[in-house]
Each structure stands twice: as C-alpha cells, then as structure tokens.
Amino acid sequence: MRAMRLLPFFVAAWMLALAATAAQAAAPPTVFIDELTWTELRAEIAAGKTTIIVPIGGTEQNGPHMTLGKHNARVTALAQKIAQALGNALVAPTLAYVPEGSVDPPSGHMRFPGTITMPDATFEKVVEYAARSFRQAGFRDIVLIGDHGGYRKNLKAVADRLDREWAATSARVHAIDEYYIASETLFAQALKRQGYNDGEIGTHAGLADTALALAIDPRLVRTDRLRSPEPLGTSQGVYGDPRRATAELGQPGIDLIVKTTVEAIRRAVARR
C-alpha cells in the first residue's frame with residue numbers, strides 16, 4: 001500500500017527528469033555559432049538566420065590600465081547585441097590576430113609586449129576563407145565588423161573581391177565601416193558635447209576607449225591605474241587621458257555603436 005501511495009510521486013519525478021533532459025537537448029539560446037552543434041546551426045540557417053557577423057578585434061597593448069584583449073572582448077560583446085537586435089543573425093568566432101605593424105624593426109604597438117601582428121595578405125586570406133566557409137554553410141550575408149582601425153582597407157578589399165566573384169549568386173560580403181566610425185568618431189563627438197576635450201577623449205586607451213571597455217566588462221580595466229595624479233603618456237601606449245572614464249560614461253557609446261551598426265547592416269542587405 002505504501003508503494004502504491006508513492007507511485008504518483010515517482011511518476012511525477014520521472015516526468016520532470018524527462019522534461020529536463022529534453023530541455024538540455026534543445027538548442028541553447030545563443031547567437032554564437034561555436035556554442036552550437038553543426039545540426040543546430042543547420043537548423044538555425046534553415047529557419048532564416050542567414051546573416052553571419054564576423055567580429056574582428058586585435059591583440060595589442062592598450063596602456064598599463066587596459067588588457068591586451070580589449071578589442072576582442074568589445075567586438076564580441078557588441079556583435080552579440082547587434083545580432084540580437086537584427087533577429088536573423090548569428091555570430092562567428094572573433095578573429096583576434098590582425099595586422100599591427102612590423103616585427104623587425106618593431107613599429108606601432110609592436111613596440112610593446114603582447115601585441116600580435118600578421119601580414120596584410122595573410123590577414124585578408126583568413127577573412128576571405130572564413131567568408132567562403134560561411135557561404136558554403138548556407139549564409140547569404142556575411143558581415144565584417146572591425147573594432148580596430150588599422151585593417152579597415154583590408155576588410156573592404158576582401159568584401160569587394162568576393163562580391164565581384166559572387167555577383168551571379170545570392171551571397172554577399174558587407175564590410176560595415178559604420179561600426180568603427182560610431183566607436184571612434186560619433187562617440188567622441190558625443191563626449192565633446194558633454195564638455196570633454198579632444199586631448200582627454202584621445203585616440204587610443206584614452207577616455208573614450210576606456211569608458212567603452214568599462215561598460216562592456218570592468219575586468220578589462222585596472223581601475224587603480226586610473227587614480228594616478230599624473231596622466232599616462234604615449235611612452236606607456238596611451239593617447240588621451242582615461243582617468244575620468246566610467247562605465248556610465250561608456251554605456252551611451254555602446255548603445256550608439258549597436259544602433260548605428262544595425263541600421264548600416266539593414267541598409268547594406270537591402271541593397272542586394
């Protein structure tokens with residue numbers, strides 16, 4: 001009799017276990033393709049997610065107060081937001097190795113430990129074959145967004161070359177320069193309207209750059225280094241003054257980049 005009374009509880013527990021197993025087997029709620037299985041990705045493409053965003057960052061010095069992977073972390077997080085806003089897009093693994101100058105003699109950021117570079121031609125081949133892979137998988141719109149200004153011309157060259165080759169097909173490559181313009185120019189203009197000057201906003205690892213990083217992930221920034229009474233200088237890889245940077249200051253910049261890029265992608269796809 002006791003066993004009979006407990007039977008409903010055993011049945012309920014069994015049904016809950018089955019439901020949990022089914023939930024685990026379902027595709028995870030993610031836009032990142034490297035978090036999917038190949039069959040899950042195939043199903044997503046078949047369901048209409050035919051736009052793939054290729055985030056391109058770079059591994060370089062960002063002053064003594066910001067991590068080497070700032071560009072990679074930022075473009076990954078922003079690509080996720082952009083894909084979610086588009087609704088029909090997925091996100092490729094972030095490309096972290098990009099042209100950063102010469103090795104011997106070292107130039108630009110290569111003068112600082114941790115910066116990784118590659119030749120322009122090699123970089124373009126990597127981007128090109130990523131695009132070819134995505135087309136073969138069934139994506140129709142391959143979107144390149146770059147968080148670093150040094151390879152903008154390379155992304156356009158790859159997009160132009162493949163679009164000429166694929167002119168008779170439905171596949172297209174879009175180098176969305178508006179992403180970089182929003183992060184570098186439009187955000188700086190917004191900060192100037194709030195009273196910050198060009199010298200403080202900076203062009204690399206300054207106020208704007210650091211505020212965006214804080215808004216993305218505070219772990220990217222060593223905030224104790226921002227409390228120095230003396231500004232960080234170019235000899236330390238800093239072009240600007242990051243000391244007044246905050247996540248609150250950077251959040252409108254994040255929103256601006258996402259909005260501007262989403263609009264630019266929609267325009268580019270509509271021009272097919």
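Starting from the Cα gyration tensor of the range 152-248, take the square roots of the eigenvalues, sort them a ≥ b ≥ c, and report rounded, prolate or oblate (rounded when a/c is under 1.5, otherwise prolate if a/b is larger than b/c, else oblate). Don't jump to the answer; show the numbers that get you there.
Working: a/c = 2.80, a/b = 2.64, b/c = 1.06.
Prolate.
Directionally averaged projected area (the chain, Cα convex hull): 19.9 nm². Prolate is the label for the range 102-150, because the ratio a/c of its alpha-carbon gyration tensor axes (a ≥ b ≥ c) is 1.5 or higher and a/b is greater than b/c.
On a 1.4 Å probe surface of the protein chains, which of PHE134, PHE187 comes out largest in accessible area, and what is the full order?
Putting PHE134, PHE187 in descending order of accessible area: PHE134, PHE187.
Taking the Cα-to-Cβ direction at ALA47 and at ASN88 and moving 7 Å from each Cα, how far apart do the two end points lie in nm? Rounded to a tenth, the inter-label distance reads 1.5 nm.
By a 1.4 Å probe calculation restricted to protein chains, GLU165 has an accessible surface near 100 Å², given to the nearest 10.
Would you mind counting up the charge near HIS174? Only other residues with Cβ under 12 Å from its Cβ, with Lys and Arg at +1 and Asp and Glu at -1. That works out to +2. Once you place label points 7 Å from the Cα toward the Cβ at ASP160 and GLU230, how far apart are they in nm? Calculated label separation equals 4.6 nm.
Heavy atoms of the protein chains alone define the surface here; on that basis the chain has 51 Å² accessible area per residue at 1.4 Å probe size.
Given Cβ point charges of +1 (Lys, Arg) and -1 (Asp, Glu) and nothing else, what value in debye, to the nearest 20, does the dipole of the chain about its Cα centre take?
My answer is approximately 800 debye.
For the chain, relative contact order (Cα pairs under 8 Å, six or more residues apart, normalised by length) works out to 19 percent. For the chain, the carbon plus sulfur part of the accessible surface works out to 59%, probe radius 1.4 Å.
Modelled label positions at ARG152 and ARG219, each set 7 Å beyond Cα in the direction of Cβ, lie 3.2 nm from each other.
Between the residues ALA213, HIS71, LEU36, the greatest Cα displacement towards the positive end of the dipole of the chain, with unit charges on the Cβ of Lys, Arg, Asp and Glu, is found for LEU36. Report summary: the helix-based calculation at 222 nm, which adds -39500 (n - 2.57) for every DSSP H run with n ≥ 4 and divides by the residues of the chain, gives -15500 deg cm²/dmol. Packing, taken as the mean count of other beta carbons within 10 Å per residue, orders the peptides 236-242, 199-205 from highest to lowest as 236-242, 199-205. Distant-in-sequence amide contacts of GLY206, defined by a placed amide H-H separation under 5 Å and a gap of 5 or more residues or a different chain, comprise TYR239. Protection proxy ranking for 67-76, 54-63, using the average of other Cβ atoms within 10 Å per residue and placing the highest first: 54-63, 67-76. Residues in the range 178-194 carry Karplus couplings, in order, of 4, 4, 5, 4, 5, 6, 9, 9, 5, 5, 4, 5, 5, 5, 5, 5, 8 Hz; the curve used is 6.51 cos²θ - 1.76 cosθ + 1.60 with θ = phi - 60°, and Gly or Pro positions show x. Principal-axis analysis of the Cα atoms of the chain puts helix 247-270 at an angle of about 70° to the longest axis.
The values are calculated or read from the model by the stated rules, or taken from the named source; none is laboratory data. Model, not experiment: these values are computed from the prediction. As a convention, Cβ positions derive from the backbone with ideal geometry for all residues, glycine included, and neighbour counts pool all protein chains shown. Only protein heavy atoms, including side chains, enter the accessible area calculation; ligands, DNA and RNA are left aside. Shrake-Rupley method; radii C 1.70, N 1.55, O 1.52, S 1.80 Å.
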